[in-house]
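In what follows, a structure is listed as structure tokens, so that the remarks can point back to it.
The values are calculated or read from the model by the stated rules, or taken from the named source; none is laboratory data. This is a predicted model, so every value here is computed, not measured. Cβ sites come from the backbone with ideal geometry, for glycine too, and all protein chains shown count toward neighbours.
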């Protein structure tokens, strides 16, 4: 009996850790993607219709290319002069989603997150290919859109895929709504999540679970960690809850 309970706890812990790693990586990826969206919107319009390319276009496109390089894949694939191989957070997101899907035995929402992460990477990869192709075969005319629209188009598709990711992970959170580690993670990353998903997003997620307010959540976390012998985390919990305010 004890072995069965221990195995169940270990399984839940493994799944919760995988979920946190996935969400932690997604925060990094989505923050950069939204920054790219702002650049596209400011200079070319978002969503893309018939963007005008002027004298500054080349510089802005190169800025987007550099941002995408940092977000995605191995540098040597697109810059043959360097031997450096750097794995970007978008690649890591796919790997974390794969681990999460495996840990949850292909739970439908976890599997969907893995699919979306893979699609986002594919669009990013195709954007990089479109940019390098345009640089090699472009006409040199800075107002020529034919070699630049595919690059921007794939970035926009990547961003929209990540937007779908942002709407899917809260569905999977329901599976971890009683896990103190995941709950504390949400509280401690509240600022990042609210910035990316909208003001008071975290409060909106937690309020249905703890309708009496942050004090109820605080008691739940303190008791849960005390049961596991982690009473020393009480200071961290209290300060994190205090920052939540009320709901």
Residue within the stretch 182-192 that is more than 30 Å from residue 214 (Cβ to Cβ) and either at pLDDT below 95 or in a helix (DSSP H, G or I) (or both) present: no
Some residue of the stretch 51-70 being at pLDDT below 70, crowded, with 17+ Cβ neighbours inside 10 Å, in the same structural domain as residue 159 (by TED's automatic domain parsing) and over 24 Å from the mean Cα position of the chain (by Cα): yes
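Please pick out the residue among 28, 17 that is at pLDDT 95 or above, more than 17 Å from residue 107 (Cβ to Cβ) and assigned to a helix (DSSP H, G or I).
28
What are the residues in the stretch 204-219 that are closer than 12 Å to residue 241 by Cα and either in contact with a helix residue (DSSP H, G or I) (Cβ under 7 Å, 6 or more places away or on another chain) or part of a loop (DSSP other than H, G, I, E, B) (or both), if any? Before the answer, list the steps.
Step one: filter the stretch 204-219 for residues closer than 12 Å to residue 241 by Cα, giving 206, 213-219.
Residues satisfying the conditions are 206, 213, 214, 217, 218.
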Test for residue 195: is it under 30 Å from residue 59 (Cβ atoms), outside the structural domain of residue 97 (by TED's automatic domain parsing) and under 22 Å from the mean Cα position of the chain (by Cα): yes
Filter result (part of a helix (DSSP H, G or I) and either loosely packed, with under 14 Cβ neighbours inside 10 Å or in contact with a strand residue (DSSP E or B) (Cβ under 9 Å, 6 or more places away or on another chain) (or both)) within the stretch 227-247: 227, 231, 232, 235, 238, 239, 242, 243
Cβ pairs under 8 Å, 6+ apart, first in the stretch 107-136 and farther than 30 Å from residue 57 by Cβ, second at pLDDT below 95 and not in a helix (DSSP H, G or I): 110/104
Residue in the stretch 140-154 that is under 20 Å from residue 31 (Cβ atoms), modelled with pLDDT of 95 or more and buried (at least 16 other Cβ atoms within 10 Å of the Cβ) present: yes
